[in-house]
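Below is one structure, written out as structure tokens, with a few remarks after it.
Derivation of every value follows stated rules applied to the coordinates shown; laboratory data play no part. The structure presented is a predicted model; accordingly, all values stated were derived computationally and were not measured. Cβ sites come from the backbone with ideal geometry, for glycine too, and all protein chains shown count toward neighbours.
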Amino acid sequence: MTPSKGGLPARPPASQPGPPLTEDTMRRFLAVQEQRLAVELKQSEIALKELEHNQKVADKSIDAQAEDRKDERRTSLKRTNAYLLFGGVALVLLLGFSVYALHVGKEAILLDVLKVLMGFVGGWGASALWGNRKLPDTDE
């Protein structure tokens, strides 16, 4: 017999009969086939259980991510509301102080306070700009 393309021996031509098929050979062949089918069935069951397990893990992961996102949105909303409340209170206090300083005639103090506040606001704005600037990627 000559080897075929896959390296396995080629099938004998039809003119050459193979070994005689006896009843014992058929029984062994059927027993081997039964064992193969049992193994394939077990492998299929294991693969199915693995798929079911993976599905459960994926579902739990998706649920956890959804819960995290909900908490993240809630926290972000609280933070934004706190910033707005703080800014509003600070603005009302500044306006109240400004009206009082103008009423008493202390414009110089009001100008000094406004200069200091503008320095803080400018520094905060520069800090925000510097923090949001993207650095170029240096992948080589």
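Odds and ends about this structure:
- The calculated FRET efficiency for the pair Val113 and Val92, based on their C-beta separation and a Förster distance of 22 Å, comes to about 0.90.
- Taking other residues whose beta carbon is less than 13 angstrom from the beta carbon of Val113, and scoring Lys, Arg as +1 and Asp, Glu as -1, yields 0.
- Lysine pairs in the stretch 23-131 with Cα atoms under 24 Å, if 8 or more residues apart or on separate chains: 6
- Distance in nm between pseudo-label sites at Ala47 and Ala64 (7 Å out along the Cβ direction from Cα): 2.8
- Neighbour net charge for Leu77 - beta-carbon separation under 13 angstrom, K R +1, D E -1: +4
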